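Enquirer: Provided herewith is a single structure, encoded as structure tokens, for subsequent inquiry.
Every read-out reported here was derived from the displayed coordinates using simple, explicitly stated rules and does not represent laboratory data. Just so we're clear, the structure is a prediction, and the values are computed from it rather than from any experiment. Glycine gets a Cβ as well: all are built from the backbone with ideal geometry, and neighbour counts include every protein chain shown.
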């Protein structure tokens with residue numbers, strides 16, 4: 001590999017790392033705002049903290065999406081009033097990032113509405129509803145039927161996230177800024 005390709009690869013990696021860190025920070029801020037204003041009880045909260053995680057997964061793949069989710073979840077836990085990390089909730093968060101990145105890499109490779117919809121839906125269904133609901137049942141005593149309430153909340157949040165992501169991906173200014181970073 002020549003020096004120019006190595007140099008571009010290094011800068012590309014630094015750009016991915018920098019943007020991933022910013023997306024994790026945005027996820028933490030969104031999570032804190034939603035915890036303060038949109039929490040109904042210990043089980044249910046309307047939140048859009050998965051939006052930056054799903055964005056990272058779609059742009060950079062499942063490993064980076066997973067890393068952004070774990071960093072955001074850990075920072076969010078440490079910054080909350082009860083700084084205890086629930087490992088199964090963290091697995092759910094990691095699954096959100098992984099699913100969001102797995103869809104564009106292995107299932108729907110062509111960018112578009114279908115890719116975004118499947119990324120958001122799989123992230124919410126597997127990570128948010130399935131894994132995090134089990135964690136809430138085991139650790140916090142949520143009733144089994146609470147998973148259906150969580151499904152409804154995720155459907156609303158996922159729909160909003162889908163439209164925000166479609167808007168972001170349709171902006172030429174955003175996509176041109178990401179041109180040297182992503183391989184879309």
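Enquirer: Just to confirm the number: angle between the C-alpha axis of helix 113-122 and the first principal axis of the chain, 0 to 90 degrees, nearest 10?
Expert: Taking Cα atoms only, the helix is inclined about 40 degrees.
Enquirer: Checking the a/c ratio against 1.5 first, then a/b against b/c, what shape does the Cα gyration tensor give for the stretch 136-184?
Expert: prolate
Enquirer: Give the Kirkwood hydrodynamic radius (Å, one decimal) of the stretch 81-141, defined as one over the mean of 1/r across all pairs of different Cα atoms.
Expert: Numbers: mean 1/r = 0.0818 Å⁻¹.
The answer is 12.2 Å.
Enquirer: Apply the a/c threshold of 1.5 to the C-alpha gyration tensor of the stretch 28-112 and tell me whether it is rounded, prolate or oblate.
Expert: Numbers: a/c = 2.48, a/b = 1.91, b/c = 1.30.
Note, shape of the stretch 28-112 comes out prolate.
Enquirer: Hey, could you pull the Cα Rg and Dmax for the chain, both in Å?
Expert: 16.7, 59
Enquirer: FRET efficiency for residue 130 and residue 172, Cβ-Cβ distance as r, R0 = 35 Å, nearest 0.05? List each step's numbers first, then the result.
Expert: Numbers: r = 37 Å, r/R0 = 1.04.
Once rounded, the FRET efficiency stands at 0.45.
Enquirer: So what's the back-of-envelope 222 nm ellipticity for the chain, counting only DSSP H runs of four-plus at -39500 (n - 2.57) apiece and dividing by all residues, rounded to 500? Before the final figure, lay out each step's value.
Expert: On the way: 8 runs with 130 residues, N = 184.
Theoretical 222 nm ellipticity from helices: -23500 deg cm²/dmol.
Enquirer: Another one. Quick one: Cα convex hull volume of the stretch 115-155, Å³ per residue? Spell out each step's value before the answer.
Expert: Working: hull volume 1.9 nm³, N = 41.
So the per-residue Cα hull volume is 46 Å³.
Enquirer: First measure r as the distance between the Cβ atoms of residue 78 and residue 179, then evaluate 1/(1 + (r/R0)^6) with R0 = 45 Å and state the FRET efficiency to the nearest 0.05.
Expert: On the way: r = 35 Å, r/R0 = 0.77.
Plugging the Cβ-Cβ distance into 1/(1 + (r/R0)^6) gives 0.85.
Enquirer: Let me ask something else. With a 10 Å cut-off between alpha carbons and a GNM built on the chain, which of 50, 86, 36 moves the most?
Expert: Answer for the Gaussian network model of the chain: 36.
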